[in-house]
Amino acid sequence: MIAETVCSAVAAAGLGIAVVTAYRKRYLAAARIAAYALVPLGLVMTGVVDWLADTAFSPTAWAGFAVLGGAWALFATTRAVERRRGGTRKERRAAARAARSEAVAPAASAPSLGQSSRPASRPAAAPRATGGSEDFSDIEAILKKHGI
C-alpha cells in the first residue's frame with residue numbers, strides 16, 4: 001500500500017517537472033521526463049506487487065501496460081529525434097565551439113612542400129603526320145581491349 005502511494009507521488013512530481021520543462025520550451029527533455037515519470041505509475045497500475053493474484057483479468061493492469069507502452073513510445077520517439085538532430089544540446093554546442101576555434105584565416109595558404117604531391121600533367125602529344133597512311137593504333141588498342 002505504501003509502495004503504491006510513493007510510486008504515484010513520484011509519478012505526479014515527475015509529470016509536474018515535465019510541465020515546467022515544457023513551459024521553458026524544452027519539449028524533447030519534457031517528453032523524456034514525462035516518460036520516466038510514467039514508468040512508476042505504469043508499474044503501480046499493472047499491480048507488480050500483486051502480480052500473481054489479479055493481473056490476468058484486471059482492466060487496470062492492462063491500462064498500466066498501455067501506459068508502459070506509451071512511455072516506451074515516448075522514449076523511442078525522443079531518441080529518434082535526438083539522433084536526427086545530431087546528438088544532445090551539449091554535443092552540438094561543443095561541435096560549434098570547436099568549429100569556431102579551428103577556423104582558418106581567409107588569406108592563409110597551404111604550406112609549401114617543395115615538390116607537389118600531384119604528378120605534373122604530361123603535355124599532349126603532337127599528332128603524327130604520316131603522309132598518306134592513317135594511324136589506327138589507338139583504335140586497335142580499343143578493339144584489343146574489348147577482345148575484338
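The values are calculated or read from the model by the stated rules, or taken from the named source; none is laboratory data. Quick caveat, the model's predicted, so the values are computed rather than measured. Positions of Cβ are backbone-derived with ideal geometry, glycine not excepted, and every protein chain shown enters the neighbour counts. For accessibility, only protein heavy atoms count, side chains too; no ligands or nucleic acids. Shrake-Rupley method; radii C 1.70, N 1.55, O 1.52, S 1.80 Å.
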Flagged pairs (Cβ under 9 angstrom, 6 or more apart or on separate chains; first in the range 81-102, within 24 Å of residue 30 (Cβ to Cβ); second part of a helix (DSSP H, G or I) and modelled with pLDDT under 75) are 85/92; 86/92
Say whether the condition of being surrounded by 14 or more Cβ atoms within 10 Å (Cβ to Cβ) and at pLDDT 80 or above is met by at least one residue in the range 81-101. yes
Only one of 29, 61 is at pLDDT below 90 and either of a type in the set (A, V, I, L, M, F, W, C) or open to solvent by 80 Å² or more (accessible area, probe 1.4 Å) (or both); which? 61
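For the structure I just gave you, tell me whether residue 67 is surrounded by 12 or more Cβ atoms within 10 Å (Cβ to Cβ) and modelled with pLDDT under 90.
no
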Between residues in the range 5-18 that are among the β-branched types (Val, Ile, Thr) and residues that are assigned to a helix (DSSP H, G or I), which pairs lie under 7 Å by C-beta distance while being six or more apart or on different chains? 10/40; 17/33
